[in-house]
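Have a look at the structure below, then the notes.
The values are calculated or read from the model by the stated rules, or taken from the named source; none is laboratory data. Computed from a predicted structure; not experimentally measured. The accessibility values were calculated without ligands, DNA or RNA, using every heavy atom of the protein model including side chains. Shrake-Rupley method; radii C 1.70, N 1.55, O 1.52, S 1.80 Å.
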Amino acid sequence: MNAASFLKQSPLRLLPEILLWIFIASLIGFLAGSASAGFLLALDFTTKTRIENPWLLYLLPWAGVLIAFLYTRYGKNTDAGNNLLIDEIHNPKKVVPLRMAPFVLLGTLVTHLFGGSAGREGTAVQMGGTLADQLTLLFKFDAEKRKTLLMAGISAGFASVFGTPLAGAVFGLEVLAIGRLRYQAILPCFIAAIVADRVCIEWGVHHTAYSISTIPSLTAVNILWALVAGICFGLCAWFFSWSSHKLTHLLKQAFSSPLLRAFLGGLAVILGAALLQSDRYLGLGIPVIAESFQGPVPIYDFLFKGLFTIVTLSSGFKGGEVTPLFFIGATLGNALAWILPLPTSLLAGMGFVAVFAGAANTPLTCLLMAMEIFGTGSAIYTALACVMSYIFSGHAGIYHSQKIEVYKHAQKN
């Protein structure tokens with residue numbers, strides 16, 4: 001066999017294409033990481049501005065009207081957000097409009113500036129996916145390669161916004177369908193996620209650190225309690241997803257105008273904050289998340305944060321669900337410490353990742369996230385919580401465009 005024949009038959013024949021994808025994924029990572037860095041720095045500024053000026057909350061209804069008007073008048077189909085990216089991967093039709101990136105960026109910053117309860121992952125993922133998809137035009141990619149571009153963009157956005165490159169890489173592979181990972185994009189997703197995370201850090205962004213202070217010995221009894229906690233987290237994830245979809249549907253049925261829905265949603269958030277006489281459940285809620293790892297917090301925190309977030313997002317405000325789900329999970333874990341004989345910080349950490357695992361149907365992503373954030377010492381506990389939450393959260397998660405490739409349990413005919 002001559003050298004040419006050997007190269008044709010050996011895996012080395014893939015090297016040119018691999019090098020091309022490393023280059024493209026690195027470019028995606030740079031673009032997404034830079035966009036996330038700018039977004040996170042701006043989000044820090046808007047959050048501080050809101051805290052220093054509590055009266056801004058009373059303008060939230062009008063902020064919602066502005067967001068709804070812009071999306072209705074100029075945004076076209078970009079209002080679908082993350083679900084648009086997932087739909088385009090499942091059934092590629094046309095390149096995601098570049099306007100999605102500035103629209104979701106502006107919408108999220110306005111939501112947080114005026115006190116809406118929302119997250120940030122949706123913004124970073126949509127910016128990453130949008131910027132990545134523009135390379136379709138540059139490289140003249142077909143539908144299959146375009147899917148890989150979008151998945152790499154999703155991974156890069158997720159990794160950079162949370163500082164979790166491994167979790168971000170797997171998120172782009174796992175979020176598309178329940179029960180299936182798309183390994184054809186594994187290298188671009190990992191390269192894009194790692195580069196995006198490093199670029200974001202180089203721009204001077206610092207991510208909040210959380211720690212689990214006490215990890216008990218791995219006994220049969222403790223494993224049992226971890227499984228019980230996981231069931232609780234899964235049921236919470238199911239209820240959050242079900243309530244979000246239900247309220248969105250009801251609001252669209254009752255009020256055809258997206259401007260009116262946003263206005264009423266803003267009013268509801270103001271009313272809730274006034275009744276509770278607290279801004280504890282507005283914005284991202286990162287201080288409360290940190291507090292839940294350190295000692296007892298009110299046992300109703302997870303309920304109110306869920307309610308504020310569902311109202312905010314269902315009425316048309318922008319941002320995402322993931323950071324609020326971290327809040328809900330961590331405070332629910334903290335509340336469970338009153339009845340389950342596991343350390344408070346461990347239950348908070350388990351809930352932090354497990355409620356998201358159930359709501360997004362991404363248990364592997366959340367296990368990796370737990371190890372990146374908390375270290376490997378609690379990995380078995382967080383893994384059990386994520387798996388049980390995934391099983392008990394049902395099939396209808398926060399992303400309605402997810403396909404069911406493999407059911408979580410046997411289906412009756």
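Computed in the context of the full set of protein chains, the accessible area of the chain at 1.4 Å probe radius has 67% of its extent on carbon or sulfur.
Karplus-based coupling profile of the stretch 156-170, in residue order and whole Hz: 5, x, 5, 4, 6, 6, 10, x, 10, x, 5, 4, x, 4, 6, with θ = phi - 60° in 6.51 cos²θ - 1.76 cosθ + 1.60 and x standing for Gly or Pro. For the chain, the solvent-accessible area works out to 43 Å² per residue, with a probe of 1.4 Å and every protein chain left in place. Judged by the gyration tensor of its Cα atoms, with axes a ≥ b ≥ c, the chain is oblate; a/c meets the 1.5 cut and b/c is at least as large as a/b.
ARG261 contributes an accessible area of around 30 Å² to the protein surface, as traced by a 1.4 Å probe with all chains present.
Would you work out if the stretch 331-378 is rounded, prolate or oblate? Take a ≥ b ≥ c from the square roots of the eigenvalues of the alpha-carbon gyration tensor; rounded if a/c is under 1.5, else prolate when a/b is larger than b/c, oblate otherwise. Oblate, because a/c is 1.5 or more while a/b does not exceed b/c. Surface listing: SER217, SER256, SER117 arranged by accessible area from highest to lowest gives SER256, SER217, SER117, probe 1.4 Å.
Computed on protein heavy atoms with a 1.4 Å probe, the accessible areas place PHE326, PHE190 in the order PHE190, PHE326, largest first. Note that the stretch 307-393, at 20 °C in a medium of 1.002 mPa s, gets a Stokes-Einstein diffusion coefficient of 165 µm²/s from its Kirkwood radius over C-alpha pairs.
A probe of 1.4 angstrom, applied to the heavy atoms of all protein chains, finds LEU57 with accessible area near 20 square angstrom. Ranking MET127, MET388, MET371 by solvent-accessible area of protein heavy atoms (1.4 Å probe, all protein chains present), from largest to smallest, gives MET371, MET388, MET127.
Dividing the convex hull volume of the alpha carbon atoms of the stretch 189-337 by its residue count gives 168 Å³ per residue.
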